[in-house]
1. Just add up the charged neighbours of A:A444: K/R +1, D/E -1, any other residue whose Cβ is under 13 Å from the Cβ of A:A444.
2. Show me, for segment A:542-551, the HN-Hα J-couplings you get by feeding each phi into the Karplus relation (A = 6.51, B = -1.76, C = 1.60, θ = phi - 60°), rounded to Hz, glycine and proline as x.
3. Tell me whether segment A:477-585 comes out rounded, prolate or oblate; compute the Cα gyration tensor, take square roots of the eigenvalues as a ≥ b ≥ c, and use a/c under 1.5 as the rounded threshold.
4. How far is helix A:22-40 tilted, in degrees, relative to the longest principal axis of the Cα atoms in chain A, given as a value from 0 to 90 rounded to the nearest 10?
5. Averaged across B:71-79, how many Cβ atoms of other chains sit within 10 Å of each residue's Cβ atom?
6. Using helices alone, what [θ] at 222 nm do you get for chain A, with -39,500 (n - 2.57) per DSSP H run of 4 or more residues, divided over all residues and rounded to the nearest 500?
7. If you filter segment B:17-115 for trypsin sites (Lys or Arg not before Pro), then keep DSSP loop positions with at most 16 other Cβ within 10 Å, what is left?
8. List the lysines whose alpha-carbon lies under 22 Å from that of A:K277, not counting same-chain residues fewer than 8 positions away?
Amino acid sequence: MTAIRLAVLELRGFRGPLRRFVPLVLCLVPLLYGAMYLWANWDPYGKTGHIPVAVVNEDRPAETRQGQRVDAGAQVVTELKASGEFDWAFVDDAAARTGLEHGRYAFTVRIPADFSARLATGPDAQPEQARIHIQLNDANNYIAGVMTEVVQTKLQEQVNSAAHEAYVRGVYGRLADIGGKLNTAAQAAQGLVNATTVAQQGSSAAAGAGATLQSGSTQLADGAQKLSQATAQVHAAAAALTEAAPQLSTATDAVVSAATVVSQGVDAVHTATSTVKQGTAKAVADLDRLAEAHPGLGDDPVFQRAKQDMTAADTVAGQIDGHAATASGNAHAARQQAVALQKTAAAAQQSAQNAQTPLALVDSGAQSIAVGTTTVSAGLSALQQGSGALKTAADQAHTGATTLATLIDDGRKQVPVLDSGQVDHASKVLGTPVDIDRSNLHPAGVYGRGLAPFFFGIALWVFGLFAYLFLRPVNTRALAARTRASTLAVAGWLPAAALGVLGALILYGVVSAGLGLHAQAPWKTVLLLSVGAAAFVAVDHCLRTAFGTAGDVLSLVLLILQLTASGGLYPMQTTPAPFQTVHPFLPMTYLVDGLRVTISGGPASHLTRDLAVLAGFGVLFLALTSLALCRRRVWTVSRLHPDLDL
Amino acid sequence: MDVVARGASVRGPRGAVFENLDVDVDPGGLLVVHGPGGSGRTTVLLALAGRMRLDGGAVRVGGHALPRGGRRVRELVAVARAEPAVGLDPDLRVRELAAERRWLGRRREGGARLDEAFSVLGVDVDRRTLVRDLPPVEALGVALALALATRPAVIVADDVDRGCPEEERTRAWQLVGLVLGVGCTVVAGALDPPDPGVGLDPAPGLVALPRRSRLPERPAPADEPDVSARSPRRVLGRRGPEDGDARASREGEGT
């Protein structure tokens, strides 16, 4: 009670034209620190549409090997225009470069000339990655560069969908080819099945034919036996004929001898007649030369008669010689005929002898045939077994062919046959084969709402820092009197704590109404802010009480430490180890954590813990302040005249 | 209650404020520590009130030696005013200070004691007045009355003659005399020792403090040699008239 009264009194002391505004100004300190930043940056990512960005499209349309036209550069430009993600300016390369250099554009997006050409290689064996260049300039604004990461992702999505249309159409075109070929293969397999069916039937028939052939060969063996007997009889007859042949040879020899004798006699007659003819012919010739040598003699009648007689004699001699020549010829011819007969007889004998050998051959051949047909019969048995095996093989072939046909058919069914709508869908799906589904247990929404806990924490700490620049940490009259230290501590803490809570409420109210914080749990937020403000003030109060002005410096150091180690900005895991070590010992850690729960939602256990820890910080530091005040009842020179005063 | 100091010393970061201080104040007696601003007057007063850390020597109040008996000493000695350590907020009203006084005691000193103290000292001010608007003498009266209401054995009050024109100084010292009148020992601080004409009873013991050169804002007058921080042993005795020059220029300063 005393503490409360003293606290009220402390605030009553703010009188005077300017001093009276001190509590009010203090109440607005959290608003200043917390709301101003949040107001300025409530939703920067939602306003990227105001950021000027240059787009340079140098792309030239291309065609895939399948003849599909790809104009991805234009497509990207269209999509960018439609998205309005940034304030796009479609300019040429030079304008983009100078603009980026001079800060007219936050960054530039350049679609190179080979963009479509590279995309068109999608269906090829070695597709190439297409590129888009984003050029930043941190000299203009670093955060603008960071924001491009958002657009980079979106660009990637848009471009990928465009690219995959080209890719997938090509791939599905090939799929259709494969389908057709598999159809052909299926037909061929069916043909094979049919063929093996025929082979099966054929091998069955062959087996039947083998049986028939075997019975035929048995008959053939019988026939061969009979043939063999017949040839044996022929052989015997031929041997008798051979024995008769030498007698005929002797007879013909005699005929030839006789014909030779006749021929020699006739030749001698012919020689004599030829000599007569020559004499007569000489006598005629001598008469002619006499007539010439005695020209008058020719005219003599005697001479003429002699000559006529001589010519007649010569003619007769000629005729006789002619007959002798004919007889000689005939005799020769007869002899030749006799020789020919002799030869014929010899030939006949030879033939008889010759016949002897073939007959023997025929005889043995017939026997061979008999033996052979037996062999054939055995072979035919083997053949029949073979044709059985053939049938089995044909059966197996048929089974195999059927399986093959089924397999090909199945394969063909697995190759999708797609219409263009399905290809569109497939290209969309394959364009982003993995759709990362992002959901958020407790979404904070905009940037400002996500960072509100952090800035609330900063605001409340800064309030504590400011408060004791204007408020006395302790009532010195009370310190000099007999008042309990704990009462003094509370009395010194309470005015600032009250103003802090008020400031926190103003901050919360303004951010809620003005910026649309929409905390999940408004009352819990208010409660947590109040406890947080009270705890932070307790810490600042303690530092100021125990260390005087140096305590303010310590508080400032703590503020900076908590900016980095309270986990309000970046995840703690990204900070160096010392920050992670102090993280659990900083009060702002718990305020930020708890506010996240009350603003965005989260486990109530966290909130309970955070409230408890913050209250604990408050109590702990009030206790420490009490301890410090026990010592502060005795002054020192440096306290009486501080070396440093704010 | 007697107040005794033997060889007491207090040193600050810039050297000794005082050294080897010997003081003897009888029960019901008055000690006036006088000297210009920056001479260490307030430090001496706080030391004798058990509210300053001694660096040497001893201080005893009613037989309780510092620092061991500090708690008991602080209960016996009330500090009416020792700025900047203890003072009245200029922006508070008299009645607020009165209310505060009632709250501060461990056992509530009732409003009656307070009224009694005001009446004993003859302080009759509009309780709604802000301290800053009080005439200096009335402010002293309020401070003394607030201290007296706690029924202390010893009252320490600095700057008794601060801001007082000549004619009001007598009234200021008379207020101190009234406190003595109720049997309370008083240790007072002032620029100048009280005029003997005031007729204080018992007669005050005096401690004169020299100006210390370390305060840069006030160049030492040529006629006053720099005695520096190491003050020699103070001798109880009445003041000489040579200290009067510092008064006008050092008004309102505590040390």
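1. Charge balance near A:A444 sits at +1.
2. 4, 4, 5, 5, 6, 10, x, 4, 4, x
3. Because a/c hits 1.5 or more and a/b fails to exceed b/c, segment A:477-585 counts as oblate.
4. The angle comes out at about 10 degrees.
5. Mean partner-chain Cβ count within 10 Å for B:71-79: 2.
6. Working: 17 runs with 485 residues, N = 646.
Rounded to the nearest 500, it is -27000 deg cm²/dmol.
7. In loop regions of segment B:17-115 (DSSP not H, G, I, E or B), the sparsely surrounded trypsin sites (Lys or Arg not before Pro) are B:R68, B:R106, B:R107, B:R108.
8. Counting by Cα, and skipping residues close in sequence, A:K277 has these lysines nearby: A:K307.
No lab work stands behind these numbers, since they all come straight from the coordinates. The structure presented is a predicted model; accordingly, all values stated were derived computationally and were not measured. Please note: Cβ atoms are built from the backbone with ideal geometry, for glycine as well, and neighbour counts cover all protein chains shown.
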